[in-house]
Amino acid sequence: MKLEGIHHITAITGDAPQNVRFYVGTLGLRLVKKSVNQDVPNIYHLFYADEEGGAGSDITFFEYPGASKGRAGAGMVHRIVWRVGSEESLDFWTTRLAEAGVATERDGGSLRFSDPEGLDLELRVVETTDEPLMAKHPEIPEAHALQGFDGAYAYTDDPAKSAPLLESTMNFERESDSSWTVRGEQRGSFFVYDEAPDAPGIEGAGTVHHIAWSSPMEDHSPWRDRVAAAGMHVTPVIDRFYFKSIYFREPSGVLFEIASMGPGFAVDEPLEHLGEKIALPPNFEHLRDQVEKELTPLPDPRAEARAT
Ligand code: ZN
């Protein structure tokens, strides 16, 4: 069994409207699902991805309105890397981010910056045969659009703790003592540990909650058995409606999820209208009137860009 790289990464925001303005308005991703936290239905769970909402391009946010900023520490993902097509794309993004008031740091084929709440992001020129997973923003030429995740960096005090799980159980391929790639039939990603800072992490706005790896549909249940057999405390298979999930904390402390590659975001709304309305799982539908009143209205930066 092979995992198909990163499925999605979920982080925390304290300000959903600002978050939409940044990920849709500035980075040009598509808001493919505007849902609610299934444990706390009066707060948002927002999903941004490519035009089709594909696994491999999906960054999601739980909103805790007004949450104070967190800090990445041991056992947390601290930087997310997206692919772009060329050095010219990095020129484009340097200008576009500067116009949005975002400071950037260019280093060869890489451009680093942070989102408005301090989550570290990077665009990297990558040669790959993986399909580019792109969204269509009216101001962003297709040649420069983000192309899906390339990988992620996490903090640990000792990468050797995680190596057996990554290699023997999850079939990641070792690149060095602290870096791995994971590749399936369709796509792959890298996963690297950096040495953790002394200060412990604090979960909060601008920090990553968990990282999910992609499993083909038929492998999802066997993955649970495999992870459990390796001694991990793994949850039962949870039906997230858009995909099935299992969760466990890997030995360095990063919360891992393995998510199935389907059925996907078009299961409850047509592809051309993804993310326009608040999507509620069926057992939350009776709360719609109340939930819609309590949630902060969100901007639609794509429509605004089209109108100018
Ligand atoms: Zn998840």
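Given the options VAL234, VAL182, VAL227, name the one that is away from the ligand (no atom under 16 Å from the Cβ), over 15 Å from the mean Cα position of the chain (by Cα), crowded, with 20+ Cβ neighbours inside 10 Å and among the aliphatic types (A, V, I, L, M). Only one candidate passes the filter, namely VAL182. Taking the stretch 133-177 as the range and being within 22 Å of SER86 (Cβ to Cβ), touching a residue at least 60 places away in the same chain (Cβ under 8 Å) and in a loop (DSSP other than H, G, I, E, B) as the test, the residues that pass are LEU133, MET134, ALA135, LYS136, HIS137, PRO138, GLU139, ILE140, ALA145, LEU146, GLN147, GLY148. Scan GLY66, GLY14, GLY53 and give me the residue that is more than 16 Å from the ligand (Cβ to nearest atom), within 25 Å of GLU304 (Cβ to Cβ), at pLDDT below 95 and of a type outside the set (A, V, I, L, M, F, W, C). It is GLY66. LEU121 versus (1) surrounded by 18 or more Cβ atoms within 10 Å (Cβ to Cβ); (2) outside any strand (DSSP E or B): which is the lone unmet condition? Checking LEU121 against (1) surrounded by 18 or more Cβ atoms within 10 Å (Cβ to Cβ); (2) outside any strand (DSSP E or B), the one that fails is (2). The set of residues in the stretch 130-163 that are within 18 Å of SER189 (Cα to Cα) and out of contact with any Lys or Arg (no Cβ under 9 Å at 6 or more places or on another chain) comprises MET134, TYR155, PRO159, SER162. If the condition is being assigned to a loop (DSSP other than H, G, I, E, B) and either of a type in the set (A, V, I, L, M) or within 16 Å of the ligand (Cβ to nearest atom) (or both), then the stretch 17-33 contributes LEU27, LEU29.
Inspect the stretch 70-91 for any residue being among the aromatic types (Phe, Trp, Tyr), within 16 Å of the ligand (Cβ to nearest atom) and either without any contact (Cβ under 8 Å) to a residue 40 or more places away in the chain or open to solvent by less than 10 Å² (accessible area, probe 1.4 Å) (or both) and give the result as yes or no. Within the stretch 70-91, none of the residues are among the aromatic types (Phe, Trp, Tyr), within 16 Å of the ligand (Cβ to nearest atom) and either without any contact (Cβ under 8 Å) to a residue 40 or more places away in the chain or open to solvent by less than 10 Å² (accessible area, probe 1.4 Å) (or both).
Could you look through the stretch 189-208, keep only residues that are among the hydrophobic types (A, V, I, L, M, F, W, C) and open to solvent by 30 Å² or more (accessible area, probe 1.4 Å), and pick out the one that is nearest to the chain's Cα centre (by Cα)? Step by step, filter the stretch 189-208, then rank; the result is ILE202.
When you look at ASP130, is it under 14 Å from VAL84 (Cβ atoms), open to solvent by less than 30 Å² (accessible area, probe 1.4 Å) and part of a loop (DSSP other than H, G, I, E, B), yes or no? In short, yes. Figure legend. Inter-residue proximity from the stretch 239-255: first residues more than 12 Å from the ligand (Cβ to nearest atom), second residues of a type in the set (Val, Ile, Thr) and part of a strand (DSSP E or B), beta-carbon distance below 7 Å, spacing 6+ or different chains. Indicated pairs: SER252/THR156; VAL254/VAL77; VAL254/ILE211.
The set of residues in the stretch 271-299 that are without any contact (Cβ under 8 Å) to a residue 12 or more places away in the chain and within 22 Å of the chain's Cα centre (by Cα) comprises GLU272, HIS273.
Residues in the stretch 105-118 that are within 19 Å of ASN19 (Cβ to Cβ) and in a loop (DSSP other than H, G, I, E, B): ASP115, PRO116, GLU117, GLY118. Pick from the stretch 209-223 the residues that are away from the ligand (no atom under 11 Å from the Cβ) and open to solvent by 10 Å² or more (accessible area, probe 1.4 Å): which of them is nearest to GLY56 (Cα to Cα)? Restricting to residues being away from the ligand (no atom under 11 Å from the Cβ) and open to solvent by 10 Å² or more (accessible area, probe 1.4 Å), the top hit is PRO216.
The values are calculated or read from the model by the stated rules, or taken from the named source; none is laboratory data. Note that this is a predicted model, so its numbers are computed, not measured. Don't worry about glycine lacking a Cβ; one is built from the backbone with ideal geometry, like all the others, and counts go over all protein chains shown. These accessible areas exclude ligands, DNA and RNA; they are computed on the full protein's heavy atoms, side chains included. Shrake-Rupley method; radii C 1.70, N 1.55, O 1.52, S 1.80 Å.
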